[in-house]
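Here's the structure, in structure tokens; my notes come after.
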């Protein structure tokens with residue numbers, strides 16, 4: 001799973017997955033370790049439901065992601081508001 005996300009970041013590929021039972025379509029921006037030691041994905045959600053309406057930026061735990069796939073679509077990177085060196089990550093495996 002982590003390698004699929006790293007490849008998607010490297011190639012600006014849109015991802016689809018289910019997170020906490022909610023289907024999502026996202027543009028992945030960074031993947032790494034959170035301050036609590038969990039592998040996480042920083043992404044911008046373009047389609048699907050939100051747990052918090054109007055909350056497009058997400059920090060998703062990889063262990064809660066299922067059905068991860070590349071959609072075949074690409075995106076222009078990065079989205080406004082993105083900052084390299086995500087402060088919520090202690091170790092970054094890949095980022096835009």
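Values in this text are rule-based calculations from the coordinates and carry no lab data. Model, not experiment: these values are computed from the prediction. All Cβ positions, even for glycine, are placed from backbone atoms using ideal geometry, and neighbour counts span all protein chains on display.
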Exercise. Tell me, in nm to one decimal, what length is gained between residue 71 and residue 55 on full extension, where the rule is 0.36 nm per residue of separation less the Cα-Cα distance?
Worked result: 3.6 nm
Exercise. Most mobile of 39, 56, 27 per a Gaussian network model of the chain (Cα springs, under 10 Å)?
Worked result: 56
Exercise. For the chain, what is the calculated [θ] at 222 nm in deg cm²/dmol (nearest 500), taking -39500 (n - 2.57) for each run of four or more DSSP H residues and dividing by its residue count?
Worked result: -2500 deg cm²/dmol
Seminar exercise, completed: Out of 36, 46, 70, a Gaussian network model of the chain with alpha-carbon springs under 10 Å gives the largest mean-square fluctuation to 36
For this session: Quick one: grab the alpha carbon gyration tensor of the range 57-96, order the square roots of its eigenvalues as a ≥ b ≥ c, and give me rounded if a/c is under 1.5, else prolate or oblate depending on whether a/b is larger than b/c.
Result: oblate
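Give me 4, 90 sorted ascending by neighbouring Cβ count inside 10 Å, so fewest comes first. Show your work: numbers first, answer last.
Numbers: 4 16, 90 12.
Least to most surrounded, the residues fall as 90, 4.
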Exercise. Suppose R0 equals 22 Å; then what is the FRET efficiency for residue 87 and residue 20 from their Cβ-Cβ distance, rounded to the nearest 0.05?
Worked result: 0.40
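Quick one: grab the alpha carbon gyration tensor of the chain, order the square roots of its eigenvalues as a ≥ b ≥ c, and give me rounded if a/c is under 1.5, else prolate or oblate depending on whether a/b is larger than b/c.
Note, shape of the chain comes out rounded.
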Exercise. Could you put 89, 1 in order, starting from the residue whose Cβ has the fewest other Cβ atoms within 10 Å?
Worked result: 1, 89
